[in-house]
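See below for the structure under consideration.
The values are calculated or read from the model by the stated rules, or taken from the named source; none is laboratory data. Small disclaimer: the values here were computed from a predicted structure and weren't measured. Please note: Cβ atoms are built from the backbone with ideal geometry, for glycine as well, and neighbour counts cover all protein chains shown. We work out accessible area using only protein heavy atoms, side chains counted, and drop any ligands, DNA or RNA first. Shrake-Rupley method; radii C 1.70, N 1.55, O 1.52, S 1.80 Å.
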Amino acid sequence: MLQVVLISSPENFAGEHEMLEQMFNKGLQTLYSRKPQMPEPLLERWLLGFDLKWQDKILPWPGSAHSFEELENIDAEICFLSPIFDSISKQGYKAKYSKEELREGIAAWKKKHSQKLFALGGVEASNIAELAELGFDGAAVLGAVWYSSDPVGALEEILYY
């Protein structure tokens, strides 16, 4: 089964910590904190707002690559390739690869690297099963959750696709 991770909402909002804790309780294993407008001291304070039992499930956002060539420069346990589908959170940010390009690129990547490769960009419940078929190890979601009227329900649907 594909591993699913969540990227935090880039913006803060009332009830965010409580909502994220509900998501952890529903099965979320990893949250990547991505708050680009937040200075480091405020991000540290934001992280302290979570119960200690969730702290080890919250990781800093490492960034993503936008080509297989760019992936070569990433030294991380998990690499994110984007955009796989048309982005939900970034208007006009279109899928970059055909299914065949992805199959071939992922197969070639896995022959040379031990890192896990996660899909990013436009990932939602309706297309997540396709990612495993293409060869991805996991998927990162953002827009499908944070742009939903029910973020917790949207994540749960994606986690248990």
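The apolar share of the surface of the chain, taken as the fraction of accessible area on carbon and sulfur atoms (1.4 Å probe, ligands and nucleic acids excluded), comes to 50 percent.
Rolling a 1.4 angstrom probe over the protein heavy atoms with all chains in place gives the range 1-138 an accessible area of 55 Å² per residue.
Within the range 54-117, the ratio Rg/Rh, alpha carbon atoms throughout and Rh by Kirkwood, equals 1.01.
Do the alpha carbons of any pairs in K26/K57; K57/K99; K57/K116; K26/K99; K26/K53 sit beyond 21 Å of each other, and which pairs? With Cα atoms farther than 21 Å apart: K57/K99; K26/K99. Per the Debye formula on identical point scatterers at the alpha carbon atoms of the range 14-96, with no solvent, log10 I(q)/I(0) at q = 0.17, 0.23 Å⁻¹ is -0.91, -1.18. Remark: accessible surface ordering of L131, L159, L42 (largest first) is L42, L159, L131, probe radius 1.4 Å.
A Förster radius of 22 Å, combined with the Cβ-Cβ distance separating N127 from E70, puts the computed FRET efficiency at roughly 0.45.
Residues within the reach of a label modelled at L59 (point 7 angstrom out along Cα to beta-carbon, backbone nitrogen below 13 Å), restricted to the range 130-156, are 137-141.
Per-residue 3J(HN,Hα) values for the range 4-15, derived from phi via the Karplus relation 6.51 cos²θ - 1.76 cosθ + 1.60 with θ = phi - 60°, read 10, 10, 10, 9, 4, 4, x, 9, 7, 8, 4, x Hz in sequence order (x marks Gly and Pro). If a paramagnetic tag sat 7 Å from the Cα of D150 along the Cα-Cβ line, which residues of the range 1-42 would have the backbone N under 18 Å from that point? Once the point is set 7 Å along Cα→Cβ of D150, 19-28 turn out to lie under 18 Å by backbone N, inside the range 1-42.
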